[in-house]
Amino acid sequence: MKHDDLTCKELILDCLFEFEDGSMPAEEHDELQLHFEACPPCMNFLATYRATGKTLRTLKPTDIPPALAQTVMAFVRSRREKEKG
């Protein structure tokens, strides 16, 4: 994975899910892992991402305010459409 011309934000946001779920090719995973180890802001972002996931898994649907649920679902739908398009 070449990332010389990308900012950390672009690099991380584009591939974080695949990095975490194990679907990223091993060579790319290892390269990104090295980046995390050398970049404290990215390592902090990864830790926050992981902590957020743990927190979200503990929530019950009734814990989420309806307005927030609608906003999140609209965002997810929007991202799916962009990926398809």
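A short reminder: the numbers here are calculations on the coordinates, not readings from a lab. Because the structure is predicted, anything quoted here is derived from the model rather than measured. Methodologically, a virtual Cβ is constructed for each residue, glycine included, from the backbone with ideal geometry; neighbour enumeration extends over all protein chains shown.
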How far apart, in nanometres, would the label points at ARG57 and SER23 be if each is projected 7 angstrom from Cα along the Cα-to-Cβ direction? 1.8 nm
Proxy exposure order for MET73, MET43, MET24 (fewest C-beta within 10 Å first) is MET73, MET43, MET24
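Given N residues in the range 8-84, what is its alpha carbon radius of gyration divided by 2.2 N^0.38 Å?
Details: Rg = 14.9 Å, N = 77, 2.2 N^0.38 = 11.5 Å.
Taking the Cα Rg and dividing by 2.2 N^0.38 Å, one obtains 1.30.
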Which order do ASP63, ASP30 fall in if you start with the one that has the fewest other Cβ atoms within 10 Å? ASP63, ASP30
Rounding to the nearest 20 debye, state how big the charge dipole of the chain is about its Cα centre with +1 on each Lys and Arg Cβ and -1 on each Asp and Glu Cβ. 740 debye
Order of PHE75, PHE45 - criterion: other Cβ atoms within 10 Å of each residue's Cβ, fewest first: PHE75, PHE45
